[in-house]
Amino acid sequence: MSKPSLPQGTRDFGPEVVRKRQYILNTIRSTFELYGFQPLETPAMENLDTLMGKYGEEGDKLIFKILNNGLSDAKNSEKAKAAFEKVLSGKNDKDLTERALKYDLTIPFARYVAMNHQTLTLPFKRYQIQPVWRADRPQKGRYREFYQCDADVVGSNGLLNEVELSAIYWQVFSKLGVNVEIKINSRKILAALAEACGGSDKMVDITVAIDKLDKIGLEKVKEELQTRGLDEHQIAIIAQYLAIDGTNTEKLNKLKELVGSLPTGAIGIEELEFVISQFAELVQGDQTAPSPLVVDFTLARGLNYYTGIIFEVKALGVQMGSIGGGGRYDDLTGLFGVPNIPGVGISFGVDRIYDVLEELQLFPQEVQTGTQVLFFNLGTAESKAAFSLMQQLRNNGICCELYHEQAKFDKQFKYADKKHIPFAVILGTKELENRTCMVKHLGKGEQQEVSWESLQEAVSGL
RNA sequence: GUAGCCAUAGCUCAGUUGGUUAGAGCGUCUGAUUGUGGUUCAGAAGGUCGCCGGUUCGACCCCGGUUGGUUACCCCA
């Protein structure tokens, strides 16, 4: 028998890890609910048509395809061979595969909206927390199966959505105790920059290059721009753009000089100003407080479907890539034949948030507690009494368990320790006679004898 | 798709310029300890040194291949 193993890039989550992950997910989920978002789940697999061509050429390669069933049937063998030949020459064929694992949550969501837009109440605010799969080469912080955690609003142009989504970011990370900077920019500004360079068609090249600024530095970005076909004059304008710094207001004012005369640029600037001021007024309630929103003109975001304001969240005080991102996309469902439904959304990088909380030791102690009370097993009559006491506690929502067999104290204590159980209840012959039990707080090492009636109280307060 | 690094006990790792019997710490189990744990002490179990082949009198070590893991690039969360 071969050793059991896991497919590359996938993970098991043990009990402690699941509890910690759920702490994060529950925090995010409850915040989404507080802002009126509704849950949505879509299947693990989608039709290949739904996914192909939506993520660019690179993305298509990373889609996990599912082999059709019944290929080994004799009657299908000719068809299957022909289909395989076609795949070898770089085309997909329905006779070989017609389904694939979902690659992200956004496209399935768009598919859902396109299928249901007649019956949905718009604007539709949905959140979705599910695993997605990518046939990528795994490396640090990158897996082939990972969770995405998205919230989107579709069917609304209002910029208050952007303000609200910023507020969700801010609130979630405050609850988790992580100091963050929410970077904000607008695709309209990037479009205006491309226009100012006289190369609107070069917008994608420009955004891809400047997105790498903090990673590779200004000189390399210039090189990249050059290889992407921009001339010296254009690069000079971009360098000027990248050099803008100061406070949010200062940055925006400097930008006005550069692209403010272009209609797209002016609108982009106006929108950023609106979101920032509304956030300060409505969310923080204080126009003068330092804002977690930070204008960053180098922010570009890889995905090309964004058209308006874009976000990215960076944890402060820890070396880690972005832990969240999002933005406005104005015609996502157009891909599925339903035009004119605008949308804006954000996403949380759960795995990275986990790493940040771990590194900064921000997981609360209680997260590790499952069982609240361990009853020691000290014999048949004793455990019978213990069992009925346990049922009472359980009826009142207290998690408890009885040690599975009569054993030495030593073993039973160690079991409680390992499971981070805060209370041990010792009920032996003496206690059985007196209708009492010994309640020991494992952390403090203190114990007290209480009557059966007051056990509930003794283990309720920590 | 490209490239580097790694593979020895359940876990983390040592090791031999190629020589008979491969080690440590942690963990596990037993006992000191028949009703009070996390400490200590004593002991035990646990390895065809990833797999296949080659070189050699002799390979865990050298060489080739292979599989798995990992990291970086492309791309991305």
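The values are calculated or read from the model by the stated rules, or taken from the named source; none is laboratory data. All values derive from a computational prediction rather than experimental measurement. All Cβ positions, glycine included, derive from the backbone under ideal geometry; neighbour counts span all protein chains shown.
Key figures for this structure:
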| quantity | calculated |
| --- | --- |
| The range A:100-151 - residue that is near RNA strand B (Cβ under 10 Å from one of its atoms) and of a type in the set (G, A, S) and, of those, modelled with the highest pLDDT | A:A135 |
| Test: A:D351 is farther than 30 Å from A:F409 by Cα, acidic (D, E), surrounded by fewer than 21 Cβ atoms within 10 Å (Cβ to Cβ) and touching a residue at least 60 places away in the same chain (Cβ under 8 Å) | yes |
| Within the range A:269-381, strands (runs of 3 or more DSSP E) holding 2 or more residues that are away from RNA strand B (no atom under 11 Å from the Cβ) and not assigned by TED's automatic domain parsing to the domain that holds A:K430 | A:293-295, A:309-315, A:324-329, A:343-348 |
| Among the residues listed as A:D205, A:D214, the single one being in contact with a Gly (Cβ under 9 Å, 6 or more places away or on another chain), within 16 Å of RNA strand B (Cβ to nearest atom) and in the same structural domain as A:Y127 (by TED's automatic domain parsing) | A:D205 |
| Residues (part of a helix (DSSP H, G or I) and more than 21 Å from A:V350 (Cβ to Cβ)) located in the range A:28-67 | A:L48, A:D49, A:T50, A:L51, A:G56, A:E57, A:E58, A:D60, A:K61 |
| Those residues of the range A:209-248 which are in contact (Cβ under 8 Å) with a residue 40 or more places away in the chain and not polar (S, T, N, Q), in sequence order | A:I210, A:D211, A:L213, A:D214, A:I237, A:I238, A:Y241, A:L242, A:I244 |
| Residue list for the range A:427-443, filter: more than 12 Å from A:A386 (Cβ to Cβ), within 7 Å of RNA strand B (Cβ to nearest atom) and assigned to a loop (DSSP other than H, G, I, E, B) | A:L442, A:G443 |
| Criterion: of a type outside the set (S, T, Y), within 20 Å of A:D60 (Cβ to Cβ) and in contact (Cβ under 8 Å) with a residue 12 or more places away in the chain - qualifying residue of A:R111, A:R126 | A:R111 |
| Checklist (1) within 29 Å of A:G349 (Cα to Cα); (2) at pLDDT below 85; (3) acidic (D, E) applied to A:E78, failing item | (1) |
| Any hit, the range A:41-62, residues being within 13 Å of RNA strand B (Cβ to nearest atom), surrounded by 13 or more Cβ atoms within 10 Å (Cβ to Cβ), among the aliphatic types (A, V, I, L, M) and over 16 Å from the mean Cα position of the chain (by Cα) | yes |
| So A:L88, is it touching a Phe, Trp or Tyr at 6+ places or on another chain (Cβ under 7 Å), over 26 Å from A:I323 (Cβ atoms) and at pLDDT below 85 | no |
| Odd one out for A:P342 among (1) surrounded by fewer than 21 Cβ atoms within 10 Å (Cβ to Cβ); (2) closer than 30 Å to A:E457 by Cα | (2) |
| Some residue of the range A:227-234 being in a helix (DSSP H, G or I) and within 17 Å of A:E273 (Cα to Cα) | no |
| Qualifying position, being within 15 Å of A:D49 (Cβ to Cβ), surrounded by fewer than 18 Cβ atoms within 10 Å (Cβ to Cβ) and out of contact with any Cys (no Cβ under 6 Å at 6 or more places or on another chain), among A:E78, A:E98 | A:E98 |
| Residue in the range A:19-27 that is part of a strand (DSSP E or B), within 16 Å of the chain's Cα centre (by Cα) and more than 15 Å from RNA strand B (Cβ to nearest atom) present | no |
| A:L242 modelled with pLDDT under 90 and within 16 Å of RNA strand B (Cβ to nearest atom) | no |
